[in-house]
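Below is one structure, written out as structure tokens; comments come after it.
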Amino acid sequence: MLVVGLQGSPRKNGSSDYLLKHFLKEIEKTGVEVQLLDIPRMNIRPCIGCGYCEKKGFCVIDDDDMVASVYPLLRKAQVVVAVSPVFFYNVTSQLKALIDRTQTFWSRKYRFRLSDPLSKTRKGFFLSMGGSRGKKLFDGIHLVAKYFFDAIDADYSGSLTYTDIETAADFKKMPELDLEISRATQALMSSLRERKRILFLGKNDDIRIQMASALTQYYAGNRFHVVKSGNEPGKRIHPGVVKAMAEIGIDMAFLEPQSRSNAIKEYHPDIIVSMGNDIEVPAIPNVTTSVWNLPDPQHASTELIVQLREQIHENVSRMTTDR
Ligand SMILES: Cc1cc2nc3c(=O)[nH]c(=O)nc-3n(C[C@H](O)[C@H](O)[C@H](O)COP(=O)(O)O)c2cc1C
């Protein structure tokens, strides 16, 4: 499970940086993987409003960090935590540039009617602070956050906002901060941590795992946390899989294959499912195992991928209604 932090202030070691690092450290303590993106230090060009993404589903700007890393990370993230200081009652222009570029995700969702596999379970959390004590200081921020999280298919699950903060030193003087962050991270993460861990076992770069994972995440992600295993993850999701899944409204375009060779040791799964009877399932006490016996899809044609999708869809429905 990945938590991505978006640091939106241009000031190094400022209030935003302090608050986000503190928040992510609390989450990391529970063994969850976190990744912080220092947005102002990245090359993210502003949206030019050309409408290309509404027609094609991709951004016309294809050579900056938004394409190279931010889009895939936003899709991979189970939780997105964003921080911005109030700049003229809004987020900083650097974070806003990133937000505007998620118009591509908005287009895929509302124009192309495609759903991200994590769309029903991804969570968003917003952190903010301003130097003044204005009553409406965070009104603009909350609205921007609401529509940003909607575009990236995250439920706006909460926020922490602070007035009267000019520098990180002001946070260090707050005795209640630790407790507030600990409560907020607990509330944010608890339902995600309580899910059963399911491990799909397959071969390297296995398209059966790619489809089984996405379908389980989409239909039962509130109860199952999917882990994948094959030794080599491969460079990209198979284009035939992207096409076959888009036919049933599931968007895999920005995803990257994920696999871990030592997933069993690392994740302590509750359920292990092998994709084929040639893939050995280790016997582990208290772990439910099953073999799906799907054909090996090496050099799969589009037709075979569609057949596999149907079979996997059925298996996923059975497995998730049984438990
Ligand atoms: C360009 C700019 C605009 C700002 N606008 C506001 C504002 O509208 N309201 C406010 O309370 N503070 C405002 N501030 C103060 C910052 O929100 C405050 O200093 C914050 O703690 C800075 O966070 P940072 O250290 O993470 O950059 C502004 C600061 C700058 C540089």
Original post:
Which parts of the stretch 265-287 would a label at R223 reach, counting a residue when its backbone N lies under 17 Å from a point 7 Å out along Cα-to-Cβ?
Top reply: 270-273
Original post:
What is the spread of the Cα atoms of the stretch 196-322 along each of their three principal axes, largest first, in whole Å?
Top reply: 39, 29, 26
Original post:
So for the pair R45, E256, with labels modelled 7 Å out along Cα→Cβ, what separation do we get in nm?
Top reply: 2.1 nm
Subject >> Options G158, Q35, G276, ranked by Cα towards positive dipole end of the chain, top entry (Cβ charges) >> reply: G158
Subject >> the chain: projected area of the alpha-carbon convex hull, averaged over directions, in nm² >> reply: 17.1 nm²
Original post:
Quick one: length gained pulling Y52 to A187 fully straight, 0.36 nm per residue minus the C-alpha distance?
Top reply: 44.7 nm
**OP:** Would you mind calculating the gained length between L304 and E180 on full extension (0.36 nm times residue separation, minus the Cα-Cα distance), in nm to one decimal?
**Re:** 39.4 nm
**OP:** List the extent of the Cα atoms of the stretch 149-238 along each of their three principal axes, largest first, rounded to whole Å.
**Re:** 54, 27, 26
**OP:** Return E176, E166 ranked ascending by Cβ neighbour count within 10 Å, so the fewest neighbours appear first.
**Re:** E176, E166
Original post:
Could you give the angle, 0 to 90 degrees to the nearest 10, between helix 139-151's Cα long axis and the longest principal axis of the Cα atoms of the chain?
Top reply: 10 degrees
Subject >> Acute angle (nearest 10 degrees) that the helix 15-28 long axis makes with the longest principal axis of the chain, alpha-carbon atoms >> reply: 30 degrees
**OP:** Please identify, among V241, V60, V91, the residue showing maximal mean-square fluctuation in a Gaussian network model of the chain using a 10 angstrom Cα cutoff.
**Re:** V60
**OP:** Anything over 21 Å Cα to Cα? Flag those among K196/K235; K56/K109; K21/K265; K25/K123; K12/K173, in the order listed.
**Re:** K196/K235; K21/K265
Subject >> V227 long-range amide H proximity, modeled H, under 5 Å >> reply: I198, L199, F200
Subject >> Debye intensity ratio in log₁₀ form over the Cα atoms of the stretch 2-193, taken at each q of 0.12, 0.13, 0.14, 0.17 Å⁻¹ >> reply: -0.56, -0.66, -0.77, -1.13
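Read the figures in this text as sums done on the coordinates, not as results from a lab. Everything quoted here is computed from the prediction, not taken from an experiment. Note that we place each Cβ from the backbone using ideal geometry, even for glycine, and neighbour counts take in every protein chain shown.
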